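Everything below concerns the one structure shown next.
Derivation of every value follows stated rules applied to the coordinates shown; laboratory data play no part. Nothing here was measured: the structure is a model prediction, and the numbers come from that model. Quick reminder, even Gly has a Cβ in these numbers, built from the backbone with ideal geometry, and neighbours come from all protein chains shown.
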Amino acid sequence: MKTVTLGDYKRRMLQVLVHIQQHLDEPLPLEELAGVACFSPYHFHRVFKGMVGEPVKEYVRRLRLERAAQRLKLSPASVIDIALDAGYESHEAFTRSFKSAFGMAPSQFRMARGVRFARVPSGVHYCEPPSKRFRTLSRGGRMRVEIKTLKPMRVAFMRHTGPYDEVGKAWDLLLTVMGKEGYLGGNPMMLGICHDDPEVTPPAMIRYDACLTVDDGFVPSGEIGVQTVAGGEYAVTTHTGPYNQLGKIYAEFLGQWLPRSGRELGNSPCFEVYVNDPGSTPAEELMTDIYAPLREQEAVR
Amino acid sequence: MNTEAEEKLDLFKGNPEYAAKPKPALVKTGPAVYLAVDGVGSPDGAAFGEAIGALYGTAFTIKMTRKFAGLGDYAVSKLEALWPEMNGNPGADKTQWKWTVMIRTPEFVTAGDLTKAANVLSKRGKGAGVNKVRLMRINEGLCVQALHVGPYDQECRTVAAMKDFAGQHRLRFAGAHHEIYLSDPRRVEPAKLKTILREPVRKG
């Protein structure tokens with residue numbers, strides 16, 4: 001079997017970091033960044049956050065600001081020109097961001113002596129030439145993870161498009177309609193498939209499917225559709241605690257455990273299985289199994 | 001209808017009848033309605049598992065049918081069980097143990113709701129055991145109650161402490177040993193399982 005190592009993951013992530021710094025004037029969409037080092041676009045933002053310690057968007061924004069800070073010191077360009085180069089449309093917006101990052105306005109920064117960038121988890125700051133190393137986080141490397149092989153699962157689902165914390169509405173409707181038809185008998189699984197990351201996609205555009213396993217007899221109707229969750233190998237970890245901590249767990253799972261696992265992610269979204277009933281379980285006892293699809297291991301020729 | 005502002009009925013949360021601590025205490029319980037299945041056999045056996053599956057299937061089907069019909073919403077309560085012989089001498093042969101597994105249910109749930117749910121579940125091919133589910137009303141009155149933390153097979157220590165406590169209050173056990181399961185044994189390690197133990201008591 002050919003396995004990937006933490007070193008491979010770090011090398012590939014470094015390619016992404018260097019690419020970001022060399023293309024700060026471009027929009028840098030996620031798909032492009034994932035493609036730079038062959039990361040699956042479905043999971044790239046979570047791998048990034050877990051490995052680098054900041055969301056991609058934050059990271060890009062910070063590097064643009066740090067580059068602007070360096071230009072303020074080293075070049076005679078006007079503040080507004082530097083602001084425009086950093087992707088800001090107005091002096092005010094730039095000043096606001098700049099102040100929150102460096103604690104002072106751009107004009108003050110230009111005059112100040114010995115200012116330093118705030119500490120960041122990866123240790124990477126804007127510099128020329130780009131840094132050739134970064135610190136990876138390891139906390140999630142010790143997570144308890146099981147590899148499970150699943151058969152394809154047929155699920156009835158209701159699509160929610162909107163803020164993640166409102167997915168309860170889709171669940172309410174799905175479970176009420178399915179429940180009265182007897183589909184809650186026989187201990188079905190309740191799955192959530194999140195097609196977008198709440199930390200990357202604007203809240204109004206997040207797509208989430210509330211899913212309930214069904215047998216072949218189920219016929220979709222109205223707002224309830226049917227789809228098949230792909231079978232194959234999955235890495236599974238359990239989160240015990242409130243649902244609003246899942247983002248952090250995903251980042252540790254995919255950005256810290258995964259690079260040390262010898263495996264790579266497949267090209268389909270992760271899903272969550274809700275083990276207990278949020279209607280009658282205290283938030284700190286809620287259990288969620290996170291399933292991350294794995295790419296088939298390649299045999300060595 | 002503004003469902004979000006509506007307070008959902010929860011028979012468990014905040015109910016002093018379920019506020020047990022590891023130290024035994026007296027608790028006054030009122031009449032309560034349950035969905036229940038009676039059976040005989042080991043708690044690790046198939047009959048016990050089927051009974052629990054049938055109970056949950058029925059409980060959620062009734063809840064959702066009523067909710068869909070606009071009859072209000074409520075939380076499905078925790079799993080509970082009566083073990084009539086357990087505070088005496090249950091015998092070593094688990095396959096002969098008698099039990100009643102049950103889920104507490106609002107009083108407005110009717111026999112008609114139950115029949116309808118059993119029919120719809122059977123129609124879906126998910127009817128295993130649902131015809132054994134019955135509505136049951138019990139009134140345990142004064143009880144000694146304690147929270148047992150640990151494996152089920154170590155409950156005897158907690159029960160002994162409850163018996164001592166009852167004796168100190170000139171009370172004796174006078175009803176079926178009652179367990180309320182706060183943890184899921186499939187997912188929680190035995191040492192951390194939380195179970196409320198309840199023993200109805202009488203004077204003397």
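Give the average, rounded to an integer, of partner chain Cβ atoms located within 10 angstrom of each Cβ in A:215-221.
Mean partner-chain Cβ count within 10 Å for A:215-221: 1.
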- Query: Roughly how many debye, to the nearest 20, is the charge dipole of the protein assembly as shown about its Cα centre, given +1 on each Lys and Arg Cβ, -1 on each Asp and Glu Cβ, and no other charges?
  - Reply: 1380
- In peptide B:134-145, how many Cβ atoms from other protein chains are near each Cβ within 10 Å, on average? 0
- Residue order, fewest to most beta carbons within 10 Å, for A:Val155, A:Val120: A:Val120, A:Val155
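Can you sort B:Lys8, A:Lys132 from fewest to most other Cβ atoms within 10 Å of each residue's own Cβ? Please report the intermediate quantities before stating the final value.
Details: B:Lys8 13, A:Lys132 9.
Ascending number of Cβ neighbours within 10 Å: A:Lys132, B:Lys8.
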- Note on the structure: Between the modelled labels at A:Asp81 and A:Arg113 (7 Å from Cα along Cα→Cβ) the distance in nm is 2.7
- Report, as an integer, the average count of C-beta atoms from other chains found within 10 Å of each Cβ along B:65-74. 3
- Message: To the nearest 20 Debye, how big is the dipole of chain A about its Cα centre, given +1 on the beta carbon of each Lys and Arg and -1 on that of each Asp and Glu?
- Response: 1740
- Item | Computed helical MRE - 222 nm, chain A, DSSP H runs ≥ 4 contributing -39500 (n - 2.57), nearest 500 | -9500 deg cm²/dmol
- What FRET efficiency would be calculated for the residue pair B:Val40, B:Leu142, taking the C-beta separation as r and a Förster radius of 25 Å, to the nearest 0.05? 0.30
- Item | Calculated [θ] (222 nm, deg cm²/dmol) that DSSP helices of n ≥ 4 give over chain B, each run adding -39,500 (n - 2.57) | -8000 deg cm²/dmol
- Query: For chain B, list the DSSP H helices whose alpha carbon atoms reach 24 Å or more along the long axis and whose average Kyte-Doolittle value is 0.0 or above?
  - Reply: B:46-68
- Item | Taking A:Arg71, B:Arg198 and counting other C-beta atoms within 10 Å, the order from fewest to most | A:Arg71, B:Arg198
- Can you give the extra length, in nm with one decimal, that the chain gains between A:Thr228 and A:Glu296 once fully stretched, where that is 0.36 nm per residue apart less the Cα-Cα distance? 22.6 nm
- Message: For the range A:253-271 and the range B:43-87, what is the centre-to-centre distance using only Cα atoms, to the nearest Å?
- Response: 37
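Contact order normalised by length for the range B:25-141, with contacts defined as Cα pairs under 8 Å and 6 or more residues apart; what percent is it?
Once divided by the residue count of the range B:25-141, the mean separation gives 46 percent.
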- Quick one: angle between helix A:168-180 and the longest Cα principal axis of chain A, in degrees between 0 and 90, rounded to 10, please. 10
- Note on the structure: Highest GNM mean-square fluctuation among B:Ala32, B:Ala59, B:Ala191, for chain B with Cα springs under 10 Å, belongs to B:Ala191
- Note on the structure: Dividing the mean separation of Cα pairs under 8 Å (6+ apart) by the residue count of the range A:187-301 yields a relative contact order in percent of 32
- Message: At 10 °C and a viscosity of 1.306 mPa s, what translational diffusion coefficient does Stokes-Einstein give for chain B, taking Rh as the Kirkwood radius over Cα pairs? Give it in µm²/s as a whole number.
- Response: 88
- Kirkwood hydrodynamic radius of chain A from all distinct Cα pairs, in Å? 21.5
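Do you know the relative contact order of chain B, to the nearest whole percent, from alpha carbon pairs under 8 angstrom that are 6+ apart?
Working: 373 pairs, mean separation 58.1, N = 204.
It comes to 28 percent, rounded to a whole number.
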